[in-house]
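Here's the structure, in structure tokens; my notes come after.
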Amino acid sequence: MRLKASPALLLAILLASPLHAHADTLARRIVDLELSTGQRQIVTLYEWLGSLYLRQADLPLRDLAPEAVAALTVTTLPDIGMCYRLDDLGRYDENQARAQATLQLASALLRKRSISVRPESAPALAAQTQPALALSYVARGFVQDDATLGRSIRYGVEPLLSIGLGRFGTLSSNGFIGNLFSQRGDTTYRYYDSANSRRFAAGDIAALAGTIGSSPRLAGVQIARDFSLNDNFLDRPAYTLNGQTALPATLDVFVDGQKRLSEQLSGGQYEVRDLDVSTSGSDVELVLTNALGEREVIRTRLFGNTFRLAQGASDFSFEAGAARTGENSYDGHFVAGTYRYGLLPWLAAELHGEEGDGDFGLGSAAISINHDLGRILLGGGVATQTVNGVRETGTQARASWSLSGRIGASLNLGISADASLSDQFRRYRATTVAPDVTRFSAFASLHGAALRGSYTDAGGIRSAQSELLLAYGSLTLAAGSQYFFNTEDWLGTLSLGWQPTRPAGLPNLAYRHSLLRDGSIAGVQANDFLPATRTSYSLSAARQEDEQGQYSDQGSVNLSQSLDDLQASYSLQQNRDNRSQSITLASAIAWHDWRPYATSYIGERQGYVSVNTNLPDLRLTQGVSDEYSNADGIAVFTIPAFSRSDIRVDLDSLPKGYRLDSATRSVSVSAGAQANARYAADTPGLFLRIPGFTGSQITVNQREFYYGPRGAYVVSAQVGGNTLSWGNERRIIQLRELRTDTPTYVLDSDGKSLLRLIEEVPR
């Protein structure tokens with residue numbers, strides 16, 4: 001049988017034949033490719049059988065997991081070599097008009113990012129202990145207008161004087177001076193041995209209580225281990241939380257509402273290390289805000305132990321002195337000692353003893369167990385003392401167990417139980433016996449939902465509390481209740497909060513409704529932090545209704561402003577019968593080269609760094625703080641002690657024509673001490689010619705320079721006046737501008753200014 005081909009069929013065959021012939025040919029395109037890890041490069045992509053490929057050698061491996069990359073399918077293209085298919089690497093987006101493209105790498109390919117919440121230690125940076133003098137203060141003012149009592153005004157200042165004695169330690173003294181009363185605080189000398197993590201103190205001190213014991217205020221001496229002096233001295237067990245993000249994101253870590261860390265992530269898996277939490281439990285939040293503005297909140301509650309030590313590590317505190325009974329009164333003596341030792345990686349032991357006034361004695365022992373099955377603390381103690389002429393002996397036993405962790409990818413669980421049982425047990429100078437205390441707490445979170453509850457029995461006073469949290473994007477719904485068994489009082493709360501994604505220019509908003517046994521309270525709140533002005537504010541308004549249906553309105557305003565060297569806050573609270581206002585100012589004066597400089601408040605565990613830039617009005621940053629150098633080029637920063645601090649220069653504030661050897665200086669300072677950082681700010685340099693001079697050396701601004709056939713190459717010149725010396729001549733010459741190139745200047749006929757040469761003078 002003979003088939004007759006139609007014209008349409010023949011045409012289809014003719015059109016299809018070229019396509020089939022070239023279906024397996026390579027097409028090339030050159031693009032400016034930006035990866036989600038931040039790397040950017042010009043690459044050639046190859047189209048093969050409908051898919052795009054990237055050469056194996058063109059894939060940056062710095063931020064990728066080697067095992068994940070090794071598992072990728074490798075395709076060998078003709079004349080190209082080994083390549084990866086882009087669909088296997090992640091999501092590819094291309095702007096063909098501009099030849100630009102982005103590649104959002106798959107999360108599984110990215111190397112796990114490990115982040116520590118501890119301040120970065122700097123073992124290579126020896127803590128500077130230069131002599132220092134600083135006066136910090138907090139000034140407070142309070143005005144209250146009461147419908148019945150009238151107006152009352154209180155004000156005062158809390159000074160803190162710190163004298164750094166160089167390598168010989170620090171002397172500090174604080175107190176309060178006010179219009180109603182004044183009193184002395186603590187005067188203490190401290191010496192820090194950061195290499196061995198030891199601290200010595202003399203003067204006003206507080207004893208370490210241990211697991212079971214007393215912590216009276218003393219006038220005496222103390223020697224103790226202080227692990228905060230050297231983060232590398234001891235690797236203490238702490239919590240680690242893991243997570244994952246598909247897109248680049250900002251990670252904020254909050255512990256009990258306080259931000260501990262803010263980090264930029266390129267995507268993929270991450271872990272947050274060294275989370276050290278309180279013994280009673282701490283609420284931890286991981287807030288992820290990705291590149292699309294989507295917000296994810298991971299909540300958990302972590303429970304700590306009283307003490308944790310690595311195997312072979314020791315912790316101790318020994319103190320002795322006179323018991324402080326008032327501002328300047330002392331009565332009796334007190335001696336105490338605590339010693340802890342890591343017996344095994346998961347087991348540590350404690351011994352504690354006290355003696356006071358000749359008739360008080362206490363001895364206790366405890367063990368701490370850190371295991372996958374939980375953190376366990378077991379302890380007991382015996383105390384004896386004379387009460388009303390009768391010798392009494394009391395005992396106390398304490399036990400606690402806590403377990404926190406993640407099950408699967410999203411479920412976080414935490415549970416804690418703590419009991420203290422006493423029998424006629426008294427602590428040093430206690431007027432009553434210690435009560436029995438029992439606490440239970442549980443926590444669970446899954447995705448955006450969290451549930452927690454607790455029960456407390458303290459000396460027969462019992463209460464229970466529960467709370468449910470639901471989060472969806474920027475919205476948070478919370479419902480809670482609290483019940484007091486002894487009084488049969490109860491409290492129920494319902495709140496709705498909104499936290500917009502930054503930067504939105506909108507405040508955080510919240511509505512809260514509380515139900516009481518005898519009424520209710522409903523209120524709204526708005527708060528925000530404005531980074532541009534470093535201003536925090538909070539506004540609230542509420543209405544309370546009693547059981548008779550009577551209403552009472554109340555409102556509050558809170559403002560906090562961080563200036564260059566001053567922290568200021570204002571608060572206003574008002575209701576129908578009362579209005580109160582308060583203002584607080586905090587700052588410090590630090591001395592450098594026997595000249596005073598204003599800076600932010602310097603606490604007992606802080607020091608300061610004096611930065612010399614040799615340039616005025618230069619912006620410098622350290623963490624979230626910034627300062628501007630004064631007319632002498634000096635800026636003073638308050639910095640944490642015994643940790644690394646990086647001082648950075650904002651290069652945009654650098655005058656035209658100047659350059660720095662480095663924009664960052666790293667320093668570490670002892671508590672109460674001063675560190676110095678110096679920047680070498682120079683011009684790119686210039687050639688200087690002096691007509692008629694045949695010598696070999698000149699001096700500019702007290703720096704000597706070689707004078708050769710082209711003149712002298714000078715790097716210390718500055719806009720304005722410069723001191724120039726050659727031979728027996730000395731002049732103050734004026735330079736009108738600085739250049740980013742290397743120009744040649746000649747001294748004018750008057751010998752008072754520098755003229756730029758347009759053309760080179762023949763040699």
Legend entry - Selected residue (criterion: surrounded by the fewest Cβ atoms within 10 Å (Cβ to Cβ)) from residues of region 628-667 that are hydroxyl-bearing (S, T, Y) and farther than 23 Å from G607 by Cα: S662
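Conditions tested, residue by residue: (1) out of contact with any Lys or Arg (no Cβ under 8 Å at 6 or more places or on another chain); (2) modelled with pLDDT under 85; (3) in the same structural domain as S266 (by TED's automatic domain parsing).
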residue: D283; (1), (2), (3): no, yes, yes
residue: T289; (1), (2), (3): no, yes, yes
residue: G293; (1), (2), (3): yes, yes, yes
residue: V297; (1), (2), (3): yes, yes, yes
residue: R308; (1), (2), (3): no, yes, no
residue: G312; (1), (2), (3): yes, no, no
residue: E319; (1), (2), (3): yes, no, no
residue: G326; (1), (2), (3): yes, yes, no
Inset, instruction - Output yes when any residue across region 691-698 is outside the structural domain of S716 (by TED's automatic domain parsing) and free of Cβ contacts under 8 Å to residues at least 24 places away in the same chain, and no when none is. - result: no
Inset, instruction - Collect the residues in region 700-709 that are touching a Phe, Trp or Tyr at 6+ places or on another chain (Cβ under 9 Å) and surrounded by fewer than 16 Cβ atoms within 10 Å (Cβ to Cβ), keeping them in residue-number order. - result: Y706
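Quick one: how many residues across region 554-585 are touching a Leu at 6+ places or on another chain (Cβ under 7 Å) and either more than 30 Å from R543 (Cα to Cα) or buried (at least 18 other Cβ atoms within 10 Å of the Cβ) (or both)?
Residues in region 554-585 being touching a Leu at 6+ places or on another chain (Cβ under 7 Å) and either more than 30 Å from R543 (Cα to Cα) or buried (at least 18 other Cβ atoms within 10 Å of the Cβ) (or both): 2 in total.
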Inset, instruction - Look at Y472 and say whether it is among the aromatic types (F, W, Y) and exposed (fewer than 14 other Cβ atoms within 10 Å of the Cβ). - result: yes
Inset, instruction - Return a yes/no flag: does region 237-259 have any residue that is surrounded by fewer than 18 Cβ atoms within 10 Å (Cβ to Cβ), under 21 Å from the mean Cα position of the chain (by Cα) and of a type in the set (K, R). - result: yes
Legend entry - Matching option when the condition is crowded, with 19+ Cβ neighbours inside 10 Å and farther than 26 Å from A366 by Cα, among S262, S194, S214: S194
Inset, instruction - Mind checking which strands (runs of 3 or more DSSP E) fall wholly inside region 595-695 and carry at least 1 residues that are aliphatic (A, V, I, L, M) and under 29 Å from Y745 (Cβ atoms)? - result: 645-649, 686-689
Legend entry - Residue in region 499-546 that is modelled with the lowest pLDDT, counting only those that are β-branched (V, I, T) and outside any strand (DSSP E or B): T501
Legend entry - V221, sole failed condition from (1) among the aliphatic types (A, V, I, L, M); (2) in a loop (DSSP other than H, G, I, E, B); (3) farther than 28 Å from P66 by Cα: (2)
Legend entry - Among residues of region 447-466, those that are more than 28 Å from the chain's Cα centre (by Cα), buried (at least 16 other Cβ atoms within 10 Å of the Cβ) and farther than 17 Å from A417 by Cβ, counted: 0
Legend entry - Evaluation of S716 against (1) surrounded by fewer than 12 Cβ atoms within 10 Å (Cβ to Cβ); (2) assigned to a loop (DSSP other than H, G, I, E, B); (3) hydroxyl-bearing (S, T, Y) (one fails), failing number: (1)
Legend entry - Filter result for S121 (of a type in the set (S, T, Y), modelled with pLDDT of 80 or more, surrounded by 14 or more Cβ atoms within 10 Å (Cβ to Cβ) and outside the structural domain of T245 (by TED's automatic domain parsing)): no
Inset, instruction - Run V284 past the list (1) farther than 30 Å from Y455 by Cα; (2) part of a strand (DSSP E or B) and report the number of the one that doesn't hold. - result: (1)
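Take region 60-96 and flag every residue that is within 15 Å of S266 (Cβ to Cβ) and assigned to a loop (DSSP other than H, G, I, E, B).
Scanning region 60-96 gives P60, L61, R62, D63, A65.
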Inset, instruction - Look at S172 and say whether it is in contact with a strand residue (DSSP E or B) (Cβ under 8 Å, 6 or more places away or on another chain), among the polar types (S, T, N, Q), farther than 30 Å from D372 by Cβ and buried (at least 17 other Cβ atoms within 10 Å of the Cβ). - result: yes
Legend entry - Only one of A444, A399, A417 that is surrounded by fewer than 17 Cβ atoms within 10 Å (Cβ to Cβ) and assigned to a strand (DSSP E or B): A399
Inset, instruction - Could you please find all residues in region 428-441 being part of a strand (DSSP E or B) and over 33 Å from the mean Cα position of the chain (by Cα)? - result: V437, T438
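From Q581, Q567, grab the single residue that is closer than 30 Å to G150 by Cα and not small (G, A, S).
Criteria check complete, one pass: Q581.
What number of residues in region 668-695 are polar (S, T, N, Q) and closer than 30 Å to F642 by Cα? Working first, answer last.
Here is the first cut: in region 668-695, the ones polar (S, T, N, Q) are 668, 670, 674, 676, 683, 694.
Filter again for closer than 30 Å to F642 by Cα, leaving 668, 670, 674, 676.
Summing the residues that are polar (S, T, N, Q) and closer than 30 Å to F642 by Cα in region 668-695 gives 4.
Conditions tested, residue by residue: (1) in contact with a Leu (Cβ under 8 Å, 6 or more places away or on another chain); (2) surrounded by 16 or more Cβ atoms within 10 Å (Cβ to Cβ); (3) farther than 30 Å from Y191 by Cα; (4) modelled with pLDDT of 85 or more.
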{"position": "F687", "(1), (2), (3), (4)": "no, yes, yes, yes"}
{"position": "I690", "(1), (2), (3), (4)": "yes, yes, yes, yes"}
{"position": "G695", "(1), (2), (3), (4)": "no, no, yes, yes"}
{"position": "G711", "(1), (2), (3), (4)": "yes, yes, yes, yes"}
{"position": "T723", "(1), (2), (3), (4)": "no, no, yes, yes"}
{"position": "G727", "(1), (2), (3), (4)": "no, no, yes, yes"}
{"position": "D741", "(1), (2), (3), (4)": "no, no, yes, no"}
{"position": "L747", "(1), (2), (3), (4)": "yes, yes, yes, yes"}
{"position": "E760", "(1), (2), (3), (4)": "no, no, yes, no"}
Inset, instruction - Determine, yes or no, whether D231 is in a strand (DSSP E or B) and modelled with pLDDT under 80. - result: no
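A quick yes/no check of all residues on (1) among the basic types (K, R); (2) more than 14 Å from L35 (Cα to Cα); (3) in contact with a strand residue (DSSP E or B) (Cβ under 9 Å, 6 or more places away or on another chain); (4) surrounded by fewer than 16 Cβ atoms within 10 Å (Cβ to Cβ):
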site: A65; (1), (2), (3), (4): no, yes, yes, no
site: V74; (1), (2), (3), (4): no, yes, yes, yes
site: D79; (1), (2), (3), (4): no, yes, no, yes
site: Y84; (1), (2), (3), (4): no, yes, yes, no
site: Y92; (1), (2), (3), (4): no, no, yes, no
site: N95; (1), (2), (3), (4): no, yes, yes, yes
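The values are calculated or read from the model by the stated rules, or taken from the named source; none is laboratory data. This structure is a prediction, so every number in the text was calculated from the model and none was measured. Virtual Cβ from ideal backbone geometry, glycine too; neighbours counted across all protein chains shown.
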